[in-house]
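Structure first, then comments.
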Amino acid sequence: MKTKGSKPWFKAMNNLTGKTFSVTILGCRVNHYEAEAIASALEARGAVFARGDAGTPPDIAIIVTCSVTSAADAKTRKTIRGARRLNPEAAIVACGCWAQSVSAGDAASSGADIVIGSRLKGRIADELENWYASGRQSRRSLTDIRTDVAKSRDWDTLSLDKTRILTRAFIKIQDGCDMRCGYCAVPFLRGGEASRDARAVLDEISRVAANGAKEVILTGVRLGGYQSGEVSLARLVGEISRVRGLRRLRLGSLEPFAVTDDLLRAARESEIFCPHLHLPIQSGDDETLRAMRRGYGVSDFERVVESARVYLGENAHISTDLIVGFPGETEKMFENSLMAVERLKFGKVHVFPYSPRAGTAASKSERLPAGTVKRRTALALALSERMSAEYASRFVARDCAVLAENGDGGVASGHSEHYLKVYFKARKRVKGDEITLTPKISVGSILLCEGVKPEEIADARRGDGETSG
Ligand code: SF4
C-alpha cells in the first residue's frame with residue numbers, strides 16, 4: 001500500500017513502549033549517522049535498543065540499506081531475509097538508498113514490512129506507531145513511504161542526543177549531490193544538495209559531547225558542498241573545535257575540489273582536528289577521469305594532496321577510493337592509475353571493481369571482460385596492501401593518541417589520530433578512553449602494542465563493530 005504524506009493519527013497512543021529494536025547499518029558514514037538518529041527517535045518513544053548480544057530477537061529490526069553497487073544490493077536483501085528468519089513476527093523496516101530504488105514487490109518479497117525512502121527517515125517512529133496501531137502486522141501488507149527525491153532539497157528531520165551503536169559520533173551536515181559522476185547513482189537515490197543549519201549542527205555536537213562522545217566525524221553525501229548561509233565547512237570546523245568536551249574532529253569523504261586553503265587552514269588551527277583526509281581519486285588516468293566526469297585531472301589532485309601535507313604535516317593520512325575496470329579503461333590507462341596511486345603515497349586505498357548502476361551515463365557503455373576487471377582489481381589490492389603497510393610502519397615506536405572503541409579487559413582496540421587501527425592489552429574496560437600508546441610492530445595496516453600477538457587480532461577484530469577506513 002503506497003501511503004504518500006499519510007499523517008499519523010495515533011499521537012495519543014504509544015505502541016512502541018517496551019518494544020525492543022535492533023539497527024543494522026550497511027554502507028556509508030551518512031548511514032551511520034542516520035542509524036544512530038533513528039535509534040534516538042525510537043528510544044524517545046519508549047522502545048528499547050537491543051544490542052547484538054541481546055539473546056532474544058528484537059520486536060523491530062531497522063535496516064539502513066545501501067545501493068552503491070550491485071554487491072551492496074545483494075547484501076541488503078540478505079540482511080533483510082536474515083532479520084525475517086531471526087524473528088518471523090518482527091516489524092522489519094528497510095530505509096535508505098536500496099529502499100528508495102527497490103520495487104514494492106521486491107521489497108515485500110525480501111521480507112520488509114515498511115519501506116522508507118530517502119529524506120523520510122525522520123518518520124520511522126510515527127510509521128511504526130501507525131503499523132502497530134492499525135494491526136497491519138497481522139496482514140503483512142507492505143507500507144510504502146517514499147517520494148521522488150531526485151529534485152528534493154528537504155532536510156530529513158533526524159537528530160541525535162547520544163551514540164548507542166558506535167563510540168565515535170558521525171554527524172550528518174549535508175545531504176544529496178548535484179554532481180553527475182558517470183558511474184554514480186547516489187544523486188538519484190539521495191536527491192539534490194542540502195546543508196544543515198549550522199546552529200543545529202553545533203547544538204547536536206554539544207549534546208553528543210555532553211553525553212560522552214569524544215570524537216565526531218562530519219559526514220555528507222557531498223560533504224564539500226556544505227554551506228549554511230554565511231557558514232562554510234571551513235568556518236564550521238573552527239566553531240566545532242571550540243565545543244566543550246570534544247577531543248577529536250574528523251571529516252568524512254571529501255571531493256578534491258572541496259579541499260580549499262581556508263579549510264586546510266581551519267584544520268591546522270584546530271586543536272582537535274585529526275590529520276586524516278579521505279579524498280576519492282577514483283582513477284589516476286586523465287582520460288578515465290574525463291570519462292567519469294569527475295571534474296579534475298591527476299595533476300589537480302596531486303596539488304590538493306601536496307597542500308594537504310603542507311598544512312597537516314608530511315605524515316598526514318591521505319586515503320582514497322579507486323575504481324578499477326571502468327568502461328574504456330585500457331591497460332595503459334590502468335597502469336597510469338596505479339603509478340599515480342603509488343606516487344601519491346596514500347595510507348589506504350579502497351579498491352572498487354566497476355559496478356554499472358541504472359540511470360548512470362556509464363551504464364550505457366560496453367563493459368570490460370569480467371576476467372580483466374578481476375585481474376586489475378587483484379593488482380590494485382596488492383598495491384593497496386603494500387602502501388597501507390608502508391604507511392603504518394612509520395608509526396612503530398612512536399607515541400600515538402588512541403581513542404579506545406572497545407575492550408572489556410584483554411585485547412582492546414581503537415583508532416589513532418592518523419586513523420590507524422591500534423590493538424593493545426587492557427586490564428579493565430577502556431571503551432571511550434583516550435590513551436597514549438607506543439606500538440611495537442605493524443602488521444599490514446594495523447599497529448600492535450606490547451604483549452599483543454598477531455594471532456590474537458582475529459578474535460579482537462570480531463568484537464570490533466566500529467567502521468574502519
Ligand atoms: S560527487 Fe560524484 S561520486 Fe560523489 S555522490 Fe556525487 S555523483 Fe556520486
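How much net charge surrounds residue 269 when only the other residues with a Cβ under 14 Å from the Cβ of residue 269 are counted, with Lys and Arg +1 and Asp and Glu -1?
That works out to 0.
Go through 68, 134, 95 and say which Cα lies farthest out towards the positive end of the charge dipole of segment 20-151; charges sit on Cβ, +1 for Lys and Arg, -1 for Asp and Glu.
Of the options given, the answer is 68.
Using a 1.4 Å probe and counting only protein heavy atoms, arrange 255, 215 so the residue with the most accessible area comes first.
Ranked from most to least accessible, the order is 255, 215.
³J(HN,Hα) across segment 324-334 via Karplus (A = 6.51, B = -1.76, C = 1.60, θ = phi - 60°), whole Hz, x for Gly/Pro?
Going residue by residue, I get 10, x, 5, x, x, 6, 7, 4, 4, 5, 5 Hz, with x marking Gly and Pro.
Any chance you could tell me what percent of the C-alpha pair distances in segment 400-461 go past 19 Å?
Everything past 19 Å amounts to 15 percent.
Lone cysteines in the chain, defined as no other cysteine's Cβ under 4.7 Å from theirs: which are they?
Lone cysteines by the Cβ rule: 28, 66, 95, 97, 177, 274, 400, 449.
Ordering 419, 132 from largest to smallest accessible area (1.4 angstrom probe), what's the sequence?
Per-residue accessible area, sorted high to low, gives 132, 419.
Placing unit charges on C-beta atoms (Lys and Arg positive, Asp and Glu negative, everything else neutral), compute the dipole magnitude of the chain about its Cα centre in debye, rounded to 20.
The dipole of the chain has a size of about 1020 debye.
Mind checking the full-extension length gain between residue 389 and residue 342? Use 0.36 nm per residue of separation minus the Cα-Cα distance, one decimal, nm.
Roughly 15.6 nm would be gained on extension.
Can you compute the charge dipole magnitude of segment 20-151 about its Cα centre, using +1 on each Lys and Arg Cβ and -1 on each Asp and Glu Cβ, nothing else charged? Give it in debye, rounded to the nearest 20.
Using Cβ point charges on Lys, Arg, Asp and Glu, segment 20-151 gives about 300 debye.
What fraction of the Cα pairs in the chain, stated in percent, has a spacing above 34 angstrom?
Value for the chain: 35 percent of Cα pairs lie more than 34 Å apart.
With a 1.4 Å probe and every protein chain left in place, tell me how much accessible area residue 155 has, in Å² to the nearest 10.
The accessible area comes out at roughly 70 Å².
Relative contact order for segment 324-395: what percent, with Cα pairs under 8 Å and sequence separation of 6 or more?
49 percent.
Accessible area, 1.4 Å probe, largest first: how do 421, 162 sort?
Heavy-atom accessible area, descending, gives 162, 421.
Subtract the Cα-Cα distance of residue 302 and residue 261 from 0.36 nm times their separation in residues, and report this length gain in nm to one decimal.
Extra length available between residue 302 and residue 261 comes to 13.3 nm.
Which one, 110, 403, 349, is farthest towards the positive end of the dipole of the chain when Lys and Arg carry +1 and Asp and Glu -1 on their Cβ?
110
Counting Lys and Arg as +1 and Asp and Glu as -1, each charge on the Cβ, what is the dipole of segment 400-461 about the Cα centre in debye, to the nearest 20?
Charge dipole, segment 400-461, about its Cα centre: 120 debye, nearest 20.
For the cross-link pairs 348/428; 172/431; 345/374; 75/453; 151/364, which exceed 27 Å when the distance is taken from alpha carbon to alpha carbon?
Among 348/428; 172/431; 345/374; 75/453; 151/364, the Cα-Cα distance tops 27 Å for 348/428; 75/453.
Could you derive backbone 3J(HN,Hα) for segment 304-311 from the dihedral phi with the Karplus parameters 6.51, -1.76 and 1.60 (θ = phi - 60°), listing whole Hz in sequence and x where the residue is Gly or Pro?
5, 5, 4, 5, 4, 6, 5, 6
Per residue of segment 66-74, what does 6.51 cos²θ - 1.76 cosθ + 1.60 with θ = phi - 60° give for ³J(HN,Hα)? Whole Hz please, x for Gly and Pro, Karplus curve as stated.
Values per residue, Gly and Pro as x: 9, 9, 6, 9, 5, 5, 5, 4, 4 Hz.
When ligands, DNA and RNA are left out and all protein chains stay put, how many square angstrom of accessible area per residue does segment 400-461 have with a 1.4 Å probe?
Averaged over the residues of segment 400-461, the accessible area is 44 Å².
Starting at 0 and stepping by 5 Å, how many percent of the alpha carbon pairs of segment 20-151 end up in each bin?
For segment 20-151, the binned pair fractions read 2, 11, 23, 26, 23, 11, 3, 0, 0 percent.
Any idea what the relative contact order of the chain is, in percent, if you count C-alpha pairs under 8 Å spaced at least 6 apart?
10
How much of residue 19 can a 1.4 Å solvent probe reach, expressed as accessible area in Å² and rounded to 10?
Near enough 50 Å² of accessible area.
Counting alpha carbon pairs within less than 8 Å and at least 6 residues apart, what relative contact order, in whole percent, applies to segment 12-100?
The normalised contact order for segment 12-100 reaches 33 percent.
Grab the DSSP H runs of the chain that are 4 residues or longer, score each as -39,500 (n - 2.57), total them, divide by all residues and round the 222 nm result to the nearest 500 deg cm²/dmol.
Calculated from helices alone, the mean residue ellipticity at 222 nm is -10500 deg cm²/dmol.
If Lys and Arg each add +1 and Asp and Glu each add -1, what is the summed charge of the other residues whose beta carbon sits under 11 Å from the beta carbon of residue 447?
Local net charge: +4.
Using modelled backbone amide H atoms (1.01 Å from N, in-plane), which distant-in-sequence or interchain residues come within less than 5 Å of residue 91's amide H?
For residue 91, the qualifying residues are 60, 61.
Please name which of 308, 289, 365 has its Cα lying farthest along the dipole of segment 169-393 towards the positive end, using unit charges on Cβ (Lys, Arg +1; Asp, Glu -1) and the Cα centre as origin.
365
Using a 1.4 angstrom probe on heavy atoms only, work out the carbon and sulfur share of the accessible area of the chain in %.
52
If you count, for each residue, the other Cβ atoms within 10 Å and average over each peptide, how do 187-194, 371-378, 258-265, 110-117 line up from highest to lowest?
Result, highest mean Cβ count within 10 Å first: 110-117, 187-194, 258-265, 371-378.
Please report the antiparallel percentage of the DSSP beta bridges confined to segment 167-303, to the nearest 5.
30
Just to be sure I understand: of the beta bridges DSSP finds with both ends in the chain, what percent are antiparallel, rounded to 5?
Close to 35 percent.
Could you state how much accessible area residue 86 has, in square angstrom rounded to the nearest 10, with a 1.4 Å probe and all protein chains kept in place?
Counting only protein heavy atoms, residue 86 exposes about 110 Å² to solvent.
Could you give the alpha-carbon Rg of segment 169-393 over 2.2 N^0.38 Å, rounded to two decimals?
Here the Cα radius of gyration is 1.06 times the empirical estimate.
The values are calculated or read from the model by the stated rules, or taken from the named source; none is laboratory data. In this text the structure is predicted, and so the values were computed from the model without any measurement. Every residue, glycine as well, gets a Cβ built from its backbone with ideal geometry; the counts of neighbours run over all protein chains shown. Please note that ligands, DNA and RNA were not included when accessible areas were found on the heavy atoms of the full protein model with its side chains. Shrake-Rupley method; radii C 1.70, N 1.55, O 1.52, S 1.80 Å.
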